[in-house]
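Data first, discussion second: the structure below is written as structure tokens.
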Amino acid sequence: MARGNHGWQPAKIELFKQRLSIQQVADEIGVPYEHLKNTLAGRTYPMPEVRRGLPRVLGKPLRDLFCAEMLGASYDPSKASAVRS
């Protein structure tokens, strides 16, 4: 998968501040660890489960957790939704 040009998302910093691991949050919201890790790194657009679950777990609005470019595209599982560089 190509490295995205969006870099680490604000959600990653929020996880760090709240002392949560990517694995803990992935388990809590019911998504694969690899997907959440890649989404936080700006490589993959967030699945609907991430868009719904992450704000609930972190107590922050979705718009504060991802850059606008990451939220502007829809997740497409048939294309693995890799962010293009």
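Structural remarks
- Apportionment of accessible area to carbon and sulfur, the chain, percent (1.4 Å): 51
- Per-residue ³J(HN,Hα) for region 41-47, Karplus 6.51 cos²θ - 1.76 cosθ + 1.60, θ = phi - 60°, Hz, x for Gly and Pro: 7, x, 8, 9, 5, x, 5
- Rounded to the nearest 10 degrees, the angle from helix 48-58 to the longest Cα principal axis of the chain is 30 degrees.
- For the chain, taking Cα atoms only, Rg and Dmax work out to 11.5, 34 Å respectively.
- Chain lengthening between Arg63 and Asp76 when straightened (0.36 nm per residue, less Cα-Cα): 2.7 nm
- Under a 5 Å amide H cut-off, with hydrogens placed 1.01 Å from N, Thr44 pairs with Thr39, Val83 among residues at least 5 apart or on other chains.
- Working from Cα pairs under 8 Å separated by at least six residues, relative contact order for the chain is 43 percent.
The values are calculated or read from the model by the stated rules, or taken from the named source; none is laboratory data. Quick caveat: nothing in here was measured; it's all calculated off a predicted structure. In case anyone asks, the SASA skips ligands and DNA or RNA and just uses the protein heavy atoms, side chains included. Shrake-Rupley method; radii C 1.70, N 1.55, O 1.52, S 1.80 Å.
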